[in-house]
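Accompanying notes for the structure given below.
Since every read-out is calculated from the coordinates, none of them should be taken as a lab result. Because the structure is a prediction, the values reported are computed rather than measured. Virtual Cβ from ideal backbone geometry, glycine too; neighbours counted across all protein chains shown.
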Amino acid sequence: MFAAIRSGGRPRLATGFAAAALALAACGGTTTAVMPPAWASDTPVKVVASEFSLALSEKNFRPGTYTFELDNVGAAPHGLSIKGPGVSSTSAVVPGGKSAKLTVTLRKGMYELWCPVGNHRARGMMTTISVK
Ligand SMILES: [Cu+2]
């Protein structure tokens, strides 16, 4: 490989780049987009649920597909509902110590997130996010 590059008569500066590209190809098995934009794939978002709050790892989003990872660190069962433009979705309700995932595609606008269990929403397990 390296002999081929040298005999190809490429300028010296290009050799380092070619070597880096080869290293990437060797690692990933592909030379196509190694780092897609963050909003182009299922970006994970941490949601920590407890009695009685919902804490998100971020509140401002760009349109795209996100997987909300609900981590129930409380003692009571909790779940996650999301409602907003094009979305009305609820995760499994999981006991304390367990987690659940909810994948949704967000558009521009405001979304409400809350816990669908009992009166948890009224007790503080709700929040809003903004998608711009
Ligand atoms: Cu709850």
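Restricting to the range 38-131, compute how many DSSP beta bridges are antiparallel as a %, nearest 5.
Details: 26 of 35 bridges.
So the antiparallel bridges amount to about 75 percent of the total.
Just want to confirm a number: the relative contact order over the range 73-132, from Cα pairs under 8 angstrom separated by 6+ residues, in percent.
Numbers: 121 pairs, mean separation 20.2, N = 60.
Taking the mean separation of contacting Cα pairs over the length of the range 73-132, I get 34 percent.
The modelled label-to-label distance between residue 67 and residue 119, using points 7 Å beyond Cα along the C-beta direction, is 3.6 nm. The value for the range 38-131 of Rg(Cα) / (2.2 N^0.38 Å) is 0.99.
Annotation: extensible slack from residue 60 through residue 128 equals 23.5 nm (criterion: 0.36 nm per residue apart, minus Cα-Cα distance).
When the charge dipole of the range 38-131 is built from unit charges on Cβ atoms (+1 for Lys and Arg, -1 for Asp and Glu) and taken about the Cα centre, the candidate among 53, 126, 97 whose Cα reaches farthest toward its positive end is 126.
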